[in-house]
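Participant: I'd like to ask some things about the structure below.
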Amino acid sequence: MKLDFTRLFSILILKSKLLLGVLFLTFSIPIISAKPEQILALRAIQSRSFNTNNQKKMIQAISSTLQDMGYIIIRTNDKIGFVTATHFSDDIIEMTVTTQPTKKAIIVRVSARVNNLPLGKNEVFYQTFFNQLSQATFLNANAIY
């Protein structure tokens, strides 16, 4: 009996695509099933407004704050307005910080993952970051080093 490797390969590809689809749907269900008020409450915890319109300096302050907290900066872009960083300890913590300029301020939003799972509604974690970022922006604005 002659094996048709092309057919065997295409069957394996199809099965792997189906498996990936099932995994995607399985792990995305909690996100899809979240209620709008839960999403808004989480966004409120993850976001703060800063009275500045200088996105480049805000990205620098975010990067400095993350480094002071022991994170390694992975990627940054001051034009788009984001910083990604990772902290390696007992757990692997990944943070993505985005900035959204408005007319009078910049809104900073943080999302975090611990061991590749969303951190969720951990108010103390986000408050700690924003307290340190507030101190860094104050020091930068007043040229206090």
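Taken together, the values in this text are just the output of simple stated rules run on the coordinates, not laboratory data. Keep in mind the model is a prediction, meaning the values are calculated, not measured. Counting neighbours? That spans all protein chains shown, and the Cβs are built from the backbone with ideal geometry, glycine included.
Participant: What aspartates and glutamates sit close enough to K57 to cross-link, taking a C-alpha to C-alpha distance under 19 Å and skipping anything fewer than 8 places away on the same chain?
Facilitator: The qualifying aspartates and glutamates are D68, D78.
Participant: Report Rg (one decimal) and Dmax (nearest whole number) for segment 35-141, counting Cα atoms only, units Å.
Facilitator: Expressed in Å, the Cα Rg and Dmax of segment 35-141 come to 13.3, 41.
Participant: Please order V124, V114 by the number of other Cβ within 10 Å, starting at the fewest.
Facilitator: Arranged by neighbour count, lowest to highest, V124, V114 become V124, V114.
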